[in-house]
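The values are calculated or read from the model by the stated rules, or taken from the named source; none is laboratory data. None of the values given here were measured: they were computed from a predicted structure. Here the Cβ is made from the backbone with ideal geometry for all residues, glycine too, and neighbour counts use every protein chain on show. Ligands, DNA and RNA are excluded from the accessible area calculation, which covers all protein heavy atoms including side chains. Shrake-Rupley method; radii C 1.70, N 1.55, O 1.52, S 1.80 Å.
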Amino acid sequence: MRMLIWTPLNAAELQKSMHSGNAGPAALVPVQSGTVLLPPPGTKLSEAAYMTNRVRKLGRGAALAVWNDEAALLYMFTTSLGRASMWGSREAVLRLSAQAKQSGPVGQSFDRATAGMVDLREKEKWQLDAIDKLTALYPAASRKGTLERIRDFGNGRAAIPDFFREAGLHEVAQVAELTEQGRADGVLRTLEPPRAQLWPLWLIFPLIVLSAAVTVMFDIPAVVYYLVVVLLLAVLAGLLVALRRRLVRTKPINTVLPVIPVTQGAIPTD
């Protein structure tokens, strides 16, 4: 499975804004139409969508692509909610979704219970809305070619490169193809998934219970207990923010947001 994010914002400005805004980690590939971001291996779909939305706020929008050999998902973010286009059989799309989400049995059951959402791709309004979002991101995009590829939703093979190529984003399509070949894997393996440590969450509940027990045992006024709980929650929030900042902001910019050299039409190299 592969992921990429495309935005019209140039790489130099995007790298600086992502570092100061604590967005990432990711590898940045400059292209003529903006920048392609490659999330690290192990990134969940929710984490990639969060990163895409952060990038959207920095630029004029962003698109998130997720694909494998049999299916593809493309989310175009012009607002905080991305509109999805899907290619491949229903079963292939569900398998890709579960893989991208890293879903357990409960998550997979939920996906199957809501599998009817896949059928929305057959509706003309859904298809035209996707084209409207594309042209909002990239006004020069070809509506006819991309609409034809969206309507060929049963064919999941090479859907992402095909779509970007039909849109006129040839360099983005080429980066997608070369990413499939593993041309950027050497750089991506050095990056951590955009996942902050959450161990403080496992401590907070036992500490609150312990505080309640001490309050009862020593007949401490309830107001003291409430103050202790508020203090514990404040410490928890502070720890989570500090751990989140360790992902990007406190590290060297070229370590967590490396710019992959581009030569002869956006070829990522190790």
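Check the stretch 133-155 and report whether any residue there is in a helix (DSSP H, G or I) and over 28 Å from Glu177 (Cβ atoms). No - not one qualifying residue is present in the stretch 133-155. Does the stretch 101-115 contain at least one residue that is open to solvent by 80 Å² or more (accessible area, probe 1.4 Å) and under 25 Å from Val55 (Cα atoms)? The answer is yes, given that some residue of the stretch 101-115 is open to solvent by 80 Å² or more (accessible area, probe 1.4 Å) and under 25 Å from Val55 (Cα atoms).
Yes or no: the stretch 188-201 includes at least one residue that is open to solvent by less than 60 Å² (accessible area, probe 1.4 Å) and aromatic (Phe, Trp, Tyr). For the stretch 188-201, residues open to solvent by less than 60 Å² (accessible area, probe 1.4 Å) and aromatic (Phe, Trp, Tyr): absent. Against the criterion of being buried (at least 16 other Cβ atoms within 10 Å of the Cβ), of a type in the set (Lys, Arg), at pLDDT 85 or above and within 30 Å of Trp67 (Cβ to Cβ), Arg183 qualifies.
Return yes or no: is Thr215 of a type in the set (Val, Ile, Thr), modelled with pLDDT of 90 or more, open to solvent by less than 40 Å² (accessible area, probe 1.4 Å) and not in a loop (DSSP other than H, G, I, E, B)? Let's see the steps before the verdict.
Values: of a type in the set (Val, Ile, Thr): yes; modelled with pLDDT of 90 or more: no; open to solvent by less than 40 Å² (accessible area, probe 1.4 Å): yes; not in a loop (DSSP other than H, G, I, E, B): yes.
Here the answer is no, as Thr215 does not meet what is asked.
Across the stretch 250-270, which residue is farthest from Asn22 (Cα to Cα) among those that are at pLDDT below 80 and part of a loop (DSSP other than H, G, I, E, B)?
Selected residue: Gln264.
Checking the stated criteria, Gly168 turns out not to satisfy the condition of being part of a helix (DSSP H, G or I), out of contact with any strand residue (DSSP E or B) (no Cβ under 9 Å at 6 or more places or on another chain) and open to solvent by less than 50 Å² (accessible area, probe 1.4 Å). Scanning the stretch 128-151 for residues that are over 22 Å from the mean Cα position of the chain (by Cα) and either of a type outside the set (Asp, Glu) or surrounded by fewer than 12 Cβ atoms within 10 Å (Cβ to Cβ) (or both) returns Leu128, Pro139, Ala140, Ala141, Ser142, Arg143, Lys144, Gly145, Thr146, Leu147, Arg149, Arg151.
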